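Q: Here it is: the structure, laid out below.
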C-alpha cells in the first residue's frame, strides 16, 4: 500500500487525501457520493467494524469516535479530509474501514474488481499557529482550485457546515469548527480568510481566482 512514513499522534491534526487509481472517477453518481459521505460518520465509531453501511443503525450516535472530522471535500476523482486522531491508530483504522467499505460498494455497483484508490491514503501532519485555519480553508474550498461548480458537478464540501448553510446531515465536529471560526475572529472573518487563503493556494498552482469567484 505504499510507503507512508508518518506517525499518527492522538489529539493532533492531519490532512488526509487520495484519488482514484489512474486518476479515475470515484464518484459517478449521487448515490456513490452519499455512501462515502455517510461512511465518514457511520464508520467512525470505535466499536464499529468495516462492512456495508446497510448493516448500520443510521440513527445511532457513536459513543466514542476514532477521529474528529474537521473538514472534508469530496470531488469526482479524489477527496480531502482534515482529521484529528482521538485514539491510538484511530486514523489508520478509520481510513481502512472507509476505503474497504466504499471500494466494495463501488465495485459491486460498477461491476468491476480490484483497487479503486491510488495506493495508501496520503497524510500531512499540521504544525504551526495557523495551520489548522489554513488547511481547513484549503480543504473546504478545494473544489474552487479545480474550477468546479458544485451546483453542476458531484461535489460535497464542509464549507456549508462552517457557514451554517448545510441543510442535510452535518458530520463535522462542531467544537472543532467553532475553534477555527474563533481563530478567524468570527464567521465573517473566516469568510474573508478562507477566500484570501484559497486565492493564494490557487495562485501557487497558476490558477486565477478572484474575490468575485466566491459567493458566501
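Q: What's the total number of residues in the range 107-121 that are touching a residue at least 60 places away in the same chain (Cβ under 8 Å) and either within 19 Å of residue 33 (Cα to Cα) or part of a strand (DSSP E or B) (or both)?
A: 7
Q: If you don't mind, there's one more thing I want to ask. Confirm whether residue 50 is modelled with pLDDT of 95 or more, assigned to a loop (DSSP other than H, G, I, E, B) and either in contact with a helix residue (DSSP H, G or I) (Cβ under 7 Å, 6 or more places away or on another chain) or crowded, with 19+ Cβ neighbours inside 10 Å (or both).
A: no
Q: In the range 119-145, which residues are over 19 Å from the mean Cα position of the chain (by Cα) and at pLDDT 95 or above?
A: none
Q: Still on this structure, I have one more. Of 35, 14, which residue is closer than 24 Å to residue 180 by Cα and either at pLDDT 90 or above or more than 17 Å from the chain's Cα centre (by Cα) (or both)?
A: Residue meeting the stated conditions: 14.
Q: Taking the conditions exactly as written (within 19 Å of residue 42 (Cα to Cα), surrounded by 21 or more Cβ atoms within 10 Å (Cβ to Cβ) and over 12 Å from the mean Cα position of the chain (by Cα)), does residue 180 satisfy them or not?
A: Spelling it out, it is not the case that residue 180 is within 19 Å of residue 42 (Cα to Cα), surrounded by 21 or more Cβ atoms within 10 Å (Cβ to Cβ) and over 12 Å from the mean Cα position of the chain (by Cα).
Q: Also: Based on what the data block shows, is residue 148 at pLDDT below 90, in contact with a strand residue (DSSP E or B) (Cβ under 7 Å, 6 or more places away or on another chain) and in a loop (DSSP other than H, G, I, E, B)?
A: yes
Q: Looking only at the range 106-118, decide whether some residue is out of contact with any strand residue (DSSP E or B) (no Cβ under 8 Å at 6 or more places or on another chain), at pLDDT 95 or above and surrounded by 18 or more Cβ atoms within 10 Å (Cβ to Cβ).
A: Yes.
Q: To continue, here is another question. Restricting the range 202-216 to residues that are under 12 Å from residue 147 (Cα atoms) and assigned to a helix (DSSP H, G or I), which is modelled with the lowest pLDDT?
A: Filtering first and then ranking leaves 213.
Q: Right, here's the next one. Based on what the data block shows, is residue 205 surrounded by 18 or more Cβ atoms within 10 Å (Cβ to Cβ) and either touching a helix residue (DSSP H, G or I) at 6+ places or on another chain (Cβ under 7 Å) or closer than 16 Å to residue 139 by Cβ (or both)?
A: No; evaluated as a whole, the condition is false for this residue.
Q: Out of (1) touching a helix residue (DSSP H, G or I) at 6+ places or on another chain (Cβ under 8 Å); (2) more than 22 Å from residue 206 (Cβ to Cβ), what's the single condition that is false for residue 168?
A: All conditions pass for residue 168, except number (1).
Q: Without any contact (Cβ under 8 Å) to a residue 12 or more places away in the chain and either more than 17 Å from residue 112 (Cα to Cα) or part of a loop (DSSP other than H, G, I, E, B) (or both) - does that describe any residue in the range 7-29?
A: Among the residues of the range 7-29, at least one is without any contact (Cβ under 8 Å) to a residue 12 or more places away in the chain and either more than 17 Å from residue 112 (Cα to Cα) or part of a loop (DSSP other than H, G, I, E, B) (or both), which makes the answer yes.
Q: Would you pick out the residues in the range 74-98 that are assigned to a helix (DSSP H, G or I), touching a strand residue (DSSP E or B) at 6+ places or on another chain (Cβ under 8 Å) and without any contact (Cβ under 8 Å) to a residue 60 or more places away in the chain?
A: Across the range 74-98, the qualifying residue is only 94.
Q: Can you confirm whether residue 160 is at pLDDT 85 or above and closer than 16 Å to residue 70 by Cα?
A: Answer is yes for this residue.
Q: Looking only at residues that are in contact with a helix residue (DSSP H, G or I) (Cβ under 7 Å, 6 or more places away or on another chain) and crowded, with 22+ Cβ neighbours inside 10 Å in the range 139-155, which one is farthest from residue 180 (Cα to Cα)?
A: That would be 144.
Q: Determine whether the range 170-177 contains at least one residue that is exposed (fewer than 13 other Cβ atoms within 10 Å of the Cβ) and either within 19 Å of the chain's Cα centre (by Cα) or farther than 28 Å from residue 38 by Cβ (or both).
A: Yes, the range 170-177 contains a residue that is exposed (fewer than 13 other Cβ atoms within 10 Å of the Cβ) and either within 19 Å of the chain's Cα centre (by Cα) or farther than 28 Å from residue 38 by Cβ (or both).
The values are calculated or read from the model by the stated rules, or taken from the named source; none is laboratory data. Since the model is a prediction, treat every value here as computed from it, not as a measurement. Every residue, glycine among them, receives a Cβ derived from its backbone with ideal geometry; neighbour counts consider all protein chains shown.
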